[in-house]
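The values are calculated or read from the model by the stated rules, or taken from the named source; none is laboratory data. Note that the coordinates shown come from a computational prediction; the quantities given were computed from them, not determined experimentally. Cβ placement follows ideal geometry from the backbone for every residue including glycine, while neighbour counts extend to all protein chains displayed.
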Amino acid sequence: MCGVFGMIAHEPVNQMLYDGLQMLQHRGQDAAGIVTTQGNRFHMHKGKGMVREVFRTRNMRELHGNAGIAHVRYPTAGNAGSSAEAQPFYVSSPFGIVLAHNGNLTNTAELYQEVYAQYLRHVNTQSDSEVLLNVFAHELRVAVSGSPTPLNLSVDDIFQAVSQVQAKVRGAYAIVALIAGYGLVAFRDPNGIRPLVLGKRVENDGKTSYAVSSENIAFSSLDFKLERDVGAGEAIFITLDGQLFSKQCTKKHQLSPCLFEYVYFARPDSVIDGVSVYQARADMGITLAKKVKREIDVNEIDVVMPIPDTSRPSAMELARYLGKPYREGLIKNRYIGRTFIMPGQATRKKSVRQKLNPIPSEFAGKNVLLVDDSIVRGTTSREIVDMVRASGAKKVFFASAAPEVRFPNVYGIDMPTREELIAHQRSAVEIAHEINADVCVFQDLHDLEQAIRHLNPEIDGFDSSCFSGCYVTGDVNEAYLNELSASKHSPKQNLPMPTLIDYSVSVEDDDN
């Protein structure tokens, strides 16, 4: 999971890209990057860290131009420790192209071999995003190869290249890219797993500026209005002077957004594929309350409390439905990063006590129902339950707005191995024991899907792979998961790549 943002405007876009990227910071805290274009020239700055850490005033001054793309990175594939893997990525042939990617590919190794051996193109990192960029660049070359003017790229050439990319690339991807001298390209995988939305703003002179983003919340502070979602399998091209073209680039497409976007990743004030994330989470609380009522004696519950922040809408509606007091007993330190996003179990465990602080008076002598958005590895949940018990709670019930996460996610979420998942081969009773809770109640998958589909009946299906084990791309099997698990625990089993040069981007620590 990452955040992508792109813009074509009639004024310098550097500050707007920065502001939009900050609104997407929750989607990735590992690295950030911005590229702008002026004429046929790109201006790039990227590095490791959060947006405010990567960019200084001097960096912003060098980002010239009225068009650009931006990215915040959450590491799911490749070397998370290398700033060379910060996005966007750049290639110079056949046209200057920069690309930013949200998602994860499932046939990266196969594509790499094709890029390296057949296309004779060099990939400098372990990132699947750079592989995808080189596939796109190759298909652009093929698209113009039969043209009498091969250096002139048409809109049809661009859509043809996207169509070929979608035919070859498997997995989840929401893409924004700039082609030097031409404009901005945005497209989404045929299943629409990762979100991508289009916004626009009509200027005082009647001209129209466009923006594309992972979430529409990036638009609000810039006075852009949400126009619509980019469709599954659809491509959009916006010229540098603000003309917009769109095309459905694949015959086989269905809208199957990732359920985890609604459960956890997206901000509650976002609207994804026609669904208000806040309303979806509130409705999850009602369906979860019905199951809690079936599995726990409600008379035993004294108070309902959320584990901030994502679960708050669900917890409030659950408490209302059960007729129980809703209280805030855990206070979040907002200057600590999201523990689920932090790579490394030790880092996650250490940060829980820094991130949340209990109010003992809210727990003393009470039976508490804690509500969280999900339980993934269980590390955070166990730490929280122990804190609540140490604060004087008599009983601790734990309710999850999501079903049990039993299977790896291969589409851009950092839960790639079954061994890391607390629900893998465990029942709800066994999970409760593992996290030291008295009872654990999980949302039913059918109820979760219905709560979201009720808000937009036009959604064809969902990527529910981490709950159900059903992978919508159809290419993930037991052998694939075993290989993924082996590579996760054996860093040497990466792509068979040539010696790499680390073109790291340094970030100096000053405010000028």
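Of the candidates SER256, SER246, the single residue that is more than 23 Å from GLN22 (Cβ to Cβ), among the small types (Gly, Ala, Ser) and in a strand (DSSP E or B) is SER246. So which residues in region 469-487 are at pLDDT 90 or above, farther than 16 Å from GLU110 by Cβ and in contact with a Ser or Thr (Cβ under 7 Å, 6 or more places away or on another chain)? Passing the criteria: CYS470, TYR471, VAL472. Screening ILE307, ILE286 for residues that are assigned by TED's automatic domain parsing to the domain that holds PHE462, under 28 Å from the mean Cα position of the chain (by Cα) and surrounded by fewer than 17 Cβ atoms within 10 Å (Cβ to Cβ) leaves exactly one candidate, ILE286.
Restrict the check to region 210-223 and report whether at least one residue is of a type in the set (D, E, K, R) and over 17 Å from the mean Cα position of the chain (by Cα).
Within region 210-223 (the criterion being of a type in the set (D, E, K, R) and over 17 Å from the mean Cα position of the chain (by Cα)), the answer is yes, since at least one residue qualifies.
Per the conditions (1) under 30 Å from LEU259 (Cβ atoms); (2) buried (at least 22 other Cβ atoms within 10 Å of the Cβ); (3) free of Cβ contacts under 8 Å to residues at least 60 places away in the same chain, the sole criterion not satisfied by ALA177 is (3).
ASP475 meets each of the listed conditions (1) within 23 Å of the chain's Cα centre (by Cα); (2) surrounded by 16 or more Cβ atoms within 10 Å (Cβ to Cβ) apart from (2).
Restricting region 443-479 to residues that are small (Gly, Ala, Ser) and touching a residue at least 40 places away in the same chain (Cβ under 8 Å) leaves a set whose member that is farthest from VAL275 (Cα to Cα) is GLY469.
Regarding VAL263, is this residue assigned to a helix (DSSP H, G or I), crowded, with 18+ Cβ neighbours inside 10 Å and out of contact with any helix residue (DSSP H, G or I) (no Cβ under 7 Å at 6 or more places or on another chain)? So VAL263 passes the test.
For region 326-371, a residue qualifies if it is surrounded by fewer than 18 Cβ atoms within 10 Å (Cβ to Cβ), within 24 Å of the chain's Cα centre (by Cα) and either under 22 Å from PHE397 (Cβ atoms) or at pLDDT 90 or above (or both), and exactly one does: LYS332. What are the residues in region 388-443 that are surrounded by 23 or more Cβ atoms within 10 Å (Cβ to Cβ) and of a type in the set (Ser, Thr, Tyr), if any? Of everything in region 388-443, those that are surrounded by 23 or more Cβ atoms within 10 Å (Cβ to Cβ) and of a type in the set (Ser, Thr, Tyr) turn out to be SER400, TYR411.
Only residues that are closer than 24 Å to GLN243 by Cβ and either among the hydrophobic types (A, V, I, L, M, F, W, C) or at pLDDT 95 or above (or both) were counted across region 142-153, and they come to 4. Looking across region 24-50, the residues that are surrounded by fewer than 24 Cβ atoms within 10 Å (Cβ to Cβ) and hydrophobic (A, V, I, L, M, F, W, C) come down to PHE42, MET44, MET50.
Filter region 421-433 down to the residues that are of a type in the set (D, E, K, R) and assigned to a loop (DSSP other than H, G, I, E, B) and list them by number.
ARG426
May I ask you to verify whether PHE407 is of a type in the set (Phe, Trp, Tyr), in the same structural domain as ASP309 (by TED's automatic domain parsing) and either within 30 Å of SER129 (Cα to Cα) or within 21 Å of the chain's Cα centre (by Cα) (or both)?
For PHE407, the condition - of a type in the set (Phe, Trp, Tyr), in the same structural domain as ASP309 (by TED's automatic domain parsing) and either within 30 Å of SER129 (Cα to Cα) or within 21 Å of the chain's Cα centre (by Cα) (or both) - is met.
Of everything in region 207-233 that is β-branched (Val, Ile, Thr) and assigned to a strand (DSSP E or B), the residue that is farthest from GLU11 (Cα to Cα) is VAL212.
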